[in-house]
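Quick notes on the structure that follows.
The values are calculated or read from the model by the stated rules, or taken from the named source; none is laboratory data. Keep in mind the model is a prediction, meaning the values are calculated, not measured. Every residue, glycine as well, gets a Cβ built from its backbone with ideal geometry; the counts of neighbours run over all protein chains shown. Keep in mind that these areas ignore ligands, DNA and RNA; they rest on the heavy atoms of the full protein, side chains included. Shrake-Rupley method; radii C 1.70, N 1.55, O 1.52, S 1.80 Å.
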Amino acid sequence: MEQKWPQQVWLVRHGQSAGNVARDAATAAKELLIDIAERDVDVPLSELGMRQADALAQWFAALPPGQQPNVVLYSPYLRARATAQAVLQCLGPEDMLAVVADERLREKEFGVTDRLTSLGISRKYPELAEQRKHVGKFYFRPPGGESWCDVILRLRSVLDTITREYRRERVLIIGHQVIVNCFRYLFERMDEETILAIDRAADVPNCGVTSYQFDPQAGKRGKLMLELENFVAPLKESGTPVTDKPDLPSAPKP
(Lines give C-alpha, C1' and ligand atoms only; values in the text may rest on other atoms or scores of the structure.)
Protein backbone atom coordinates (compact mmCIF):
# COMPACT_ATOMS: atom_id res chain seq x y z
CA MET A 1 0.00 0.00 0.00
CA GLU A 2 1.45 3.36 -1.03
CA GLN A 3 2.11 5.81 1.80
CA LYS A 4 -0.13 8.86 1.62
CA TRP A 5 1.54 11.12 4.21
CA PRO A 6 4.98 12.62 4.72
CA GLN A 7 7.26 10.59 6.97
CA GLN A 8 7.59 13.53 9.39
CA VAL A 9 5.86 16.87 9.86
CA TRP A 10 6.99 19.68 12.15
CA LEU A 11 4.65 22.60 12.96
CA VAL A 12 6.42 25.73 14.24
CA ARG A 13 5.17 29.15 15.23
CA HIS A 14 7.46 32.02 14.21
CA GLY A 15 9.81 33.67 16.72
CA GLN A 16 8.65 36.51 18.94
CA SER A 17 7.63 39.47 16.79
CA ALA A 18 7.70 43.22 17.30
CA GLY A 19 3.90 42.96 17.26
CA ASN A 20 3.94 40.63 20.29
CA VAL A 21 6.04 43.19 22.18
CA ALA A 22 3.81 46.11 21.14
CA ARG A 23 0.70 44.19 22.13
CA ASP A 24 2.07 43.54 25.62
CA ALA A 25 2.86 47.23 26.06
CA ALA A 26 -0.59 48.33 24.86
CA THR A 27 -2.38 45.84 27.09
CA ALA A 28 -0.33 46.83 30.15
CA ALA A 29 -1.11 50.50 29.52
CA LYS A 30 -4.81 49.73 28.92
CA GLU A 31 -4.63 51.25 25.45
CA LEU A 32 -7.29 50.63 22.82
CA LEU A 33 -4.86 50.36 19.89
CA ILE A 34 -1.62 48.44 19.51
CA ASP A 35 1.09 50.90 18.51
CA ILE A 36 2.69 49.33 15.46
CA ALA A 37 2.97 51.02 12.08
CA GLU A 38 3.56 48.08 9.75
CA ARG A 39 0.94 45.97 8.06
CA ASP A 40 0.56 42.65 9.85
CA VAL A 41 2.34 40.97 6.93
CA ASP A 42 5.36 43.25 7.44
CA VAL A 43 5.79 42.93 11.22
CA PRO A 44 9.39 41.75 11.83
CA LEU A 45 10.91 39.52 14.46
CA SER A 46 12.00 41.20 17.66
CA GLU A 47 15.63 40.89 18.75
CA LEU A 48 14.58 38.03 21.03
CA GLY A 49 12.61 36.49 18.16
CA MET A 50 15.77 36.38 16.05
CA ARG A 51 17.59 34.60 18.89
CA GLN A 52 14.73 32.11 19.17
CA ALA A 53 14.85 31.43 15.42
CA ASP A 54 18.60 30.85 15.61
CA ALA A 55 18.19 28.42 18.54
CA LEU A 56 15.52 26.52 16.60
CA ALA A 57 17.77 26.40 13.54
CA GLN A 58 20.66 24.98 15.55
CA TRP A 59 18.38 22.26 16.95
CA PHE A 60 17.29 21.17 13.47
CA ALA A 61 20.91 21.27 12.26
CA ALA A 62 21.95 18.96 15.12
CA LEU A 63 19.54 16.22 13.95
CA PRO A 64 21.06 13.39 11.88
CA PRO A 65 20.99 14.31 8.16
CA GLY A 66 18.35 11.69 7.40
CA GLN A 67 16.08 13.13 10.07
CA GLN A 68 16.29 16.82 9.12
CA PRO A 69 13.54 18.58 7.13
CA ASN A 70 13.94 18.39 3.36
CA VAL A 71 10.79 20.42 2.60
CA VAL A 72 10.17 23.85 4.15
CA LEU A 73 6.78 25.54 3.74
CA TYR A 74 6.25 28.91 5.40
CA SER A 75 3.87 31.82 5.71
CA PRO A 76 4.92 34.81 3.58
CA TYR A 77 4.51 37.11 6.60
CA LEU A 78 7.90 38.63 7.44
CA ARG A 79 8.15 37.13 10.94
CA ALA A 80 7.53 33.61 9.62
CA ARG A 81 9.76 34.11 6.59
CA ALA A 82 12.64 35.31 8.78
CA THR A 83 12.23 32.28 11.05
CA ALA A 84 12.32 29.98 8.01
CA GLN A 85 15.39 31.75 6.64
CA ALA A 86 17.25 31.19 9.92
CA VAL A 87 16.56 27.45 9.67
CA LEU A 88 17.50 27.32 6.00
CA GLN A 89 20.80 29.07 6.63
CA CYS A 90 21.74 26.25 9.01
CA LEU A 91 20.41 23.36 6.96
CA GLY A 92 21.38 24.63 3.52
CA PRO A 93 18.63 25.51 1.00
CA GLU A 94 20.54 23.67 -1.74
CA ASP A 95 19.82 20.39 0.05
CA MET A 96 16.05 20.96 0.14
CA LEU A 97 13.58 19.17 -2.10
CA ALA A 98 11.32 22.25 -1.87
CA VAL A 99 11.27 25.67 -0.17
CA VAL A 100 7.91 27.40 -0.63
CA ALA A 101 6.31 30.58 0.72
CA ASP A 102 2.63 29.61 0.74
CA GLU A 103 -0.01 32.32 1.28
CA ARG A 104 -2.40 29.66 2.60
CA LEU A 105 -0.19 29.54 5.71
CA ARG A 106 -0.68 33.25 6.44
CA GLU A 107 -1.95 34.56 9.76
CA LYS A 108 -5.68 34.51 10.42
CA GLU A 109 -7.12 37.75 9.08
CA PHE A 110 -8.58 39.94 11.83
CA GLY A 111 -10.58 42.38 9.66
CA VAL A 112 -11.91 45.42 11.52
CA THR A 113 -10.41 44.20 14.81
CA ASP A 114 -6.85 44.37 13.47
CA ARG A 115 -4.43 46.11 15.91
CA LEU A 116 -7.11 46.55 18.57
CA THR A 117 -6.55 45.30 22.11
CA SER A 118 -9.32 43.36 23.81
CA LEU A 119 -10.30 46.60 25.51
CA GLY A 120 -10.30 48.36 22.14
CA ILE A 121 -12.56 45.73 20.62
CA SER A 122 -15.09 45.94 23.45
CA ARG A 123 -15.08 49.76 23.40
CA LYS A 124 -15.17 50.31 19.63
CA TYR A 125 -17.27 47.28 18.63
CA PRO A 126 -19.31 46.24 21.70
CA GLU A 127 -21.85 44.35 19.61
CA LEU A 128 -19.08 42.40 17.87
CA ALA A 129 -17.47 41.59 21.20
CA GLU A 130 -20.79 40.26 22.47
CA GLN A 131 -21.38 38.28 19.28
CA ARG A 132 -17.91 36.74 19.49
CA LYS A 133 -18.51 35.76 23.09
CA HIS A 134 -21.80 34.12 22.12
CA VAL A 135 -20.60 32.36 18.93
CA GLY A 136 -17.06 31.47 20.09
CA LYS A 137 -13.82 31.97 18.18
CA PHE A 138 -14.16 28.77 16.14
CA TYR A 139 -17.09 30.13 14.13
CA PHE A 140 -16.95 33.89 14.74
CA ARG A 141 -15.85 35.88 11.68
CA PRO A 142 -15.15 39.60 12.26
CA PRO A 143 -16.14 41.88 9.36
CA GLY A 144 -13.38 41.68 6.77
CA GLY A 145 -11.69 38.85 8.67
CA GLU A 146 -11.71 35.09 9.14
CA SER A 147 -13.01 32.53 11.60
CA TRP A 148 -10.98 29.50 12.59
CA CYS A 149 -13.18 27.52 10.19
CA ASP A 150 -12.07 29.77 7.34
CA VAL A 151 -8.44 29.08 8.22
CA ILE A 152 -9.10 25.34 8.42
CA LEU A 153 -10.69 25.43 4.97
CA ARG A 154 -7.54 26.84 3.38
CA LEU A 155 -5.35 24.43 5.34
CA ARG A 156 -7.32 21.49 3.95
CA SER A 157 -6.05 22.65 0.57
CA VAL A 158 -2.48 22.67 1.95
CA LEU A 159 -2.97 19.06 3.07
CA ASP A 160 -3.98 18.15 -0.46
CA THR A 161 -0.70 19.63 -1.71
CA ILE A 162 1.35 17.87 0.97
CA THR A 163 -0.15 14.43 0.31
CA ARG A 164 0.20 14.91 -3.44
CA GLU A 165 3.74 16.32 -3.62
CA TYR A 166 5.56 15.44 -0.38
CA ARG A 167 4.56 11.91 0.62
CA ARG A 168 7.39 10.11 2.46
CA GLU A 169 9.28 13.41 2.83
CA ARG A 170 10.16 15.38 6.00
CA VAL A 171 8.12 18.57 6.00
CA LEU A 172 8.68 21.65 8.18
CA ILE A 173 5.78 24.14 8.29
CA ILE A 174 6.44 27.58 9.81
CA GLY A 175 3.42 29.75 10.45
CA HIS A 176 1.41 31.33 13.24
CA GLN A 177 -0.37 30.32 16.43
CA VAL A 178 -3.75 29.75 14.79
CA ILE A 179 -2.08 27.90 11.92
CA VAL A 180 -0.42 25.46 14.33
CA ASN A 181 -3.66 24.84 16.22
CA CYS A 182 -5.76 24.45 13.09
CA PHE A 183 -3.28 21.93 11.65
CA ARG A 184 -3.52 20.05 14.93
CA TYR A 185 -7.31 20.04 14.55
CA LEU A 186 -6.88 18.41 11.13
CA PHE A 187 -4.01 15.99 11.85
CA GLU A 188 -5.50 14.74 15.12
CA ARG A 189 -9.10 14.73 13.85
CA MET A 190 -10.35 16.94 16.68
CA ASP A 191 -13.68 18.65 17.19
CA GLU A 192 -14.36 22.26 18.19
CA GLU A 193 -14.45 21.55 21.92
CA THR A 194 -11.13 19.70 21.93
CA ILE A 195 -9.06 22.23 19.99
CA LEU A 196 -10.49 25.20 21.89
CA ALA A 197 -9.66 23.49 25.19
CA ILE A 198 -6.06 23.16 24.00
CA ASP A 199 -6.08 26.81 22.93
CA ARG A 200 -7.41 27.93 26.30
CA ALA A 201 -4.87 25.87 28.22
CA ALA A 202 -1.81 27.60 26.74
CA ASP A 203 -0.66 29.73 23.85
CA VAL A 204 1.66 28.17 21.28
CA PRO A 205 5.22 29.18 22.23
CA ASN A 206 7.24 31.21 19.76
CA CYS A 207 9.52 28.73 17.95
CA GLY A 208 7.89 25.86 19.84
CA VAL A 209 7.83 22.58 17.90
CA THR A 210 4.84 20.27 17.47
CA SER A 211 5.73 17.23 15.40
CA TYR A 212 4.15 14.14 13.87
CA GLN A 213 5.70 10.85 12.77
CA PHE A 214 4.04 8.59 10.22
CA ASP A 215 2.98 5.26 11.74
CA PRO A 216 2.09 2.66 9.10
CA GLN A 217 0.29 0.57 11.73
CA ALA A 218 -2.08 3.35 12.85
CA GLY A 219 -5.58 3.44 11.39
CA LYS A 220 -6.50 1.51 8.28
CA ARG A 221 -3.79 2.95 6.03
CA GLY A 222 -1.34 4.52 8.45
CA LYS A 223 -1.45 8.09 9.73
CA LEU A 224 0.56 10.85 11.33
CA MET A 225 0.89 10.43 15.10
CA LEU A 226 1.70 13.21 17.55
CA GLU A 227 5.31 13.04 18.71
CA LEU A 228 6.16 16.44 20.27
CA GLU A 229 3.75 19.10 21.56
CA ASN A 230 4.87 22.74 21.97
CA PHE A 231 8.43 21.48 22.46
CA VAL A 232 10.70 24.32 23.65
CA ALA A 233 13.84 22.43 24.69
CA PRO A 234 15.78 23.93 21.73
CA LEU A 235 15.28 27.36 23.31
CA LYS A 236 15.88 26.31 26.90
CA GLU A 237 19.04 24.38 26.06
CA SER A 238 20.52 27.47 24.40
CA GLY A 239 19.48 29.76 27.25
CA THR A 240 16.98 31.61 25.02
CA PRO A 241 13.87 32.93 26.82
CA VAL A 242 10.59 31.22 25.93
CA THR A 243 7.64 33.46 24.98
CA ASP A 244 4.06 32.49 24.23
CA LYS A 245 2.13 35.70 23.68
CA PRO A 246 -0.79 35.65 21.22
CA ASP A 247 -0.40 37.22 17.80
CA LEU A 248 -2.17 40.48 16.98
CA PRO A 249 -4.75 41.52 17.91
CA SER A 250 -5.40 40.82 21.54
CA ALA A 251 -8.74 39.15 22.04
CA PRO A 252 -10.26 37.43 25.07
CA LYS A 253 -10.42 33.64 25.03
CA PRO A 254 -13.89 32.14 25.37
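In degrees from 0 to 90, rounded to the nearest 10, what is the angle of the helix 18-28 Cα long axis to the longest principal axis of the chain? Long axis of 18-28 versus the principal axis of the chain: about 40 degrees. Seen against the Cα atoms of the chain and their longest principal axis, helix 192-201 is set at about 80 degrees. Looking at the range 8-232, the accessible area is 46 square angstrom per residue; that uses a 1.4 Å probe and ignores ligands, DNA and RNA.
Spin-label model, Val41/His134: points 7 Å from Cα along the beta carbon direction are separated by 3.4 nm. Counting 0.36 nm for each residue step from Lys124 to Ala62 and taking away their Cα separation leaves a gain of 17.4 nm.
Between Asp95 and Leu159, residue separation times 0.36 nm minus the direct Cα-Cα distance comes to 20.7 nm.
Using 0.36 nm times the number of residues separating Ile198 and Glu2, minus their current alpha carbon distance, what extension gain do you get?
Details: separation 196, 0.36 × 196 = 70.56 nm, distance 3.28 nm.
The Ile198-Glu2 span can extend by a further 67.3 nm.
Loop-located chymotrypsin sites (Phe, Trp or Tyr not before Pro) in the range 108-179 (DSSP state other than H, G, I, E, B) with a sparse environment of at most 13 neighbouring Cβ atoms within 10 Å: Tyr139.
Taking the longest Cα principal axis of the chain as reference, the axis of helix 126-135 is set at about 40 degrees.
Put simply, when 15-23, 226-234 are sorted by average Cβ atoms within 10 angstrom per residue, most first, you get 15-23, 226-234. Residue ranges 76-84, 184-192 sort as 76-84, 184-192 when ordered by packing (mean number of other C-beta atoms within 10 Å per residue, highest first). Percent of Cα-Cα pairs more than 28 Å apart in the chain, please. Pairs farther apart than 28 Å: 31 percent.
Would you please classify the overall shape of the range 138-182 from the alpha carbon gyration tensor, given that a ≥ b ≥ c denote the square roots of the eigenvalues, rounded means a/c under 1.5, and beyond that prolate means a/b larger than b/c while oblate covers the rest? Present the calculation step by step, with values, prior to reporting the outcome.
Values: a/c = 3.54, a/b = 2.20, b/c = 1.61.
Judged from the Cα gyration tensor, the range 138-182 comes out prolate (a/c at least 1.5, a/b above b/c).
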